[in-house]
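Working notes, beginning with the structure itself.
FYI, it's all coordinate maths here, none of it is from the lab. Everything quoted here is computed from the prediction, not taken from an experiment. Glycine also receives a Cβ, built like all others from the backbone with ideal geometry; neighbour counts cover every protein chain displayed.
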Amino acid sequence: MSGKTITRAQLSEAVYQEVGLSRNESADLLESVLKEIAEALARGESVKISSFGSFSVRAKGQRVGRNPKTGEEVPILPRRVLVFRPSQLLKGRINGESVDGLVEEL
């Protein structure tokens, strides 16, 4: 794995170049989309992005864990976790497949 990270600035620049909005409008659009996704997830709703995947919040119950250093049992409190499930199309692109069966270059 290359360890590269895509930043908000890079996403905003991509929107600017692809859509043709000003840089400020592109940044505002990106922030609005990310804010809406975050708020929906905070409300416990699922977010599905076609051809990309879906985000959802899952509740995990309380369980007993173990301190690996001491072996002592420690309660792990119930919590909510964010889950991402990639679409079949995204999985195919990651594996170098395309819709028509030809291998895509990433």
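Nearest 10 degrees is fine. How inclined is helix 23-42 to the longest principal axis of the chain, computing both from alpha carbons?
Taking Cα atoms only, the helix is inclined about 30 degrees.
Give me the one-decimal nm value for the distance between modelled label points at residue 7 and residue 83, 7 Å along each residue's Cα-to-Cβ direction.
3.4
Based on the Cβ-Cβ distance from residue 18 to residue 40, what FRET efficiency comes out when R0 is 25 Å, to the nearest 0.05?
0.55
Just to be sure I understand: if I project the alpha-carbon convex hull of the range 39-87 onto a plane and average over all orientations, what area do I get in nm²?
4.6
Return one number: the angle in degrees, 0 to 90 and rounded to the nearest 10, between the long axis of the Cα atoms of helix 8-19 and the longest principal axis of the Cα atoms of the chain.
So the inclination is approximately 30 degrees.
Divide the volume of the convex hull of the Cα atoms of the chain by its number of residues and quote the answer in cubic angstrom per residue.
So the per-residue hull volume is 183 Å³.
Given the rule -39500 (n - 2.57) for each run of at least 4 DSSP H residues, summed and divided by the residues of the chain, what is its mean residue ellipticity at 222 nm, to the nearest 500 deg cm²/dmol?
Helix contribution divided over all residues of the chain: -11500 deg cm²/dmol.
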